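Visitor: The following block contains the structure, expressed as structure tokens.
The values are calculated or read from the model by the stated rules, or taken from the named source; none is laboratory data. Quick caveat, the model's predicted, so the values are computed rather than measured. Ideal geometry is used to build each Cβ from the backbone, glycine not excepted, and the neighbour counts take in all protein chains shown.
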Amino acid sequence: MKKILITGAAGFIGSHVAEVIFQKFKNDKLVLYDKITYAANIKYLKNIINSNRVYFVKDDLLNYKILEKNLKNVDIAINVAAESHVDNSFGNSLLFTKTNTLGTHSFLEACRKQKVKKIIHVSTDEVYGENLKSKPFKEDQMLNPTNPYSASKAAADMIVNSYNHSYKLNVITVRANNIYGARQYPEKLISKTIFNFLKKKKMTIHGRGNSARYFLSVNDFCSGLIKIIDKGKPNTIYNIAANKSFYIMDVVRIISLHLKVNLKKNIIFVKDRPFNDKIYKINCNRLKKLGWKEKDKLKLKIPEICEWYKKNIKLF
């Protein structure tokens, strides 16, 4: 029987990861670690939280003694915990450095002390910076973050790199596109647009909405993570990428059509971010060689996600 610890386990991505791990590793114990910020909810874990295989810890990554105590005898540790909203990072950048950079450092040091065999750190495609004209970035691309959020994640990646080299820790880094799905706090594009339209509020669009993003479903992210747990090489970086990009306005339009909302009357264009990357493109052939491929299509998933928010809107 293995013991698996997941940080940020009550958040949007973390709760999906926890459920998938719970189903995949049916005989293993799970330690779910989360400090429960505004974007997390213990109710996201309702399907597994009462199992005798699951132990929940409400605490901060920066509470080192508690973190290290809970990593005792852990075989696999997955660091999903993060502050991830770019807009918030411009106004509260120190919080992002504390959680994403120092929190990761605390996580790695506790894993090292407890001799965790396999460690997975979840990063982001934004650490590479934008690439308007160049080919999709591979995992060996030089990091070039352009906002406080991506800088805090890039700093964490550098600490991971140092632990791999200095301590020979078995840390795998995962860098994915924008992840979407049910349970996402309504501050990111898809979740916020759905939430605002359901609440009869207007959706604000940065600039003219002509930035583009690749959107990866949380289901495809989790399936990629499972491939990496099963077949990933130690001390290796894996990108997880969707096949198709969408302009911001196109995504809002898809949602408005499904919810039968008059787009022109329900959006407001606002001043763009201080710096808004036009697009992030990453190559994930390394992961595809492990047998992973994208299954979900954004246009087909939107109705399902809208229905989830209709049923669970009181959670926010």
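Visitor: In segment 103-125, how many are part of a helix (DSSP H, G or I) and either β-branched (Val, Ile, Thr) or buried (at least 24 other Cβ atoms within 10 Å of the Cβ) (or both)?
Guide: 6
Visitor: Sticking with this structure for a sec: Just one of (1) surrounded by fewer than 19 Cβ atoms within 10 Å (Cβ to Cβ); (2) under 30 Å from Lys265 (Cα atoms); (3) modelled with pLDDT under 95; (4) of a type in the set (D, E, K, R) trips up Lys199, so point out which.
Guide: Evaluating Lys199 over (1) surrounded by fewer than 19 Cβ atoms within 10 Å (Cβ to Cβ); (2) under 30 Å from Lys265 (Cα atoms); (3) modelled with pLDDT under 95; (4) of a type in the set (D, E, K, R) leaves (3) as the failure.
Visitor: Of all the residues that make up segment 258-309, how many are surrounded by 17 or more Cβ atoms within 10 Å (Cβ to Cβ) and β-branched (Val, Ile, Thr)?
Guide: Here the count works out to 5.
Visitor: Between a first residue in segment 76-87 that is touching a residue at least 40 places away in the same chain (Cβ under 8 Å) and a second residue that is part of a loop (DSSP other than H, G, I, E, B), which pairs have beta carbons less than 6 Å apart while being 6 or more apart in sequence or on different chains?
Guide: Ala77/Val116; Val80/Gly8; Ala81/Gly8; Ala81/Leu61; His85/Glu187; Val86/Asn147
Visitor: Could you give every pair whose Cβ atoms fall below 9 Å, whose first residue belongs to segment 141-161 and is surrounded by fewer than 20 Cβ atoms within 10 Å (Cβ to Cβ), and whose second residue is aromatic (Phe, Trp, Tyr), counting only separations of at least 6 or pairs across chains?
Guide: Short answer, once both residue conditions are applied: Gln141/Tyr128; Met142/Tyr128; Leu143/Tyr128; Asn144/Tyr128; Pro145/Tyr128; Thr146/Phe275.
Visitor: Does at least one position in segment 237-246 carry a residue that is in contact (Cβ under 8 Å) with a residue 12 or more places away in the chain, closer than 20 Å to His85 by Cα, out of contact with any Lys or Arg (no Cβ under 7 Å at 6 or more places or on another chain) and polar (S, T, N, Q)?
Guide: no
Visitor: Test of understanding: among Ile313, Ile267, which residue is in contact with a helix residue (DSSP H, G or I) (Cβ under 8 Å, 6 or more places away or on another chain) and either acidic (Asp, Glu) or farther than 26 Å from Asn147 by Cα (or both)?
Guide: Going through Ile313, Ile267 in turn, just one is in contact with a helix residue (DSSP H, G or I) (Cβ under 8 Å, 6 or more places away or on another chain) and either acidic (Asp, Glu) or farther than 26 Å from Asn147 by Cα (or both): Ile313.
Visitor: Still on this structure: Look at segment 165-188 and say how many of its residues are modelled with pLDDT of 95 or more, outside any strand (DSSP E or B) and under 14 Å from the mean Cα position of the chain (by Cα).
Guide: Matching residues across segment 165-188 total 6.
Visitor: What is the residue count in segment 43-56 for residues that are under 25 Å from Glu68 (Cβ atoms) and touching a helix residue (DSSP H, G or I) at 6+ places or on another chain (Cβ under 9 Å)?
Guide: 8
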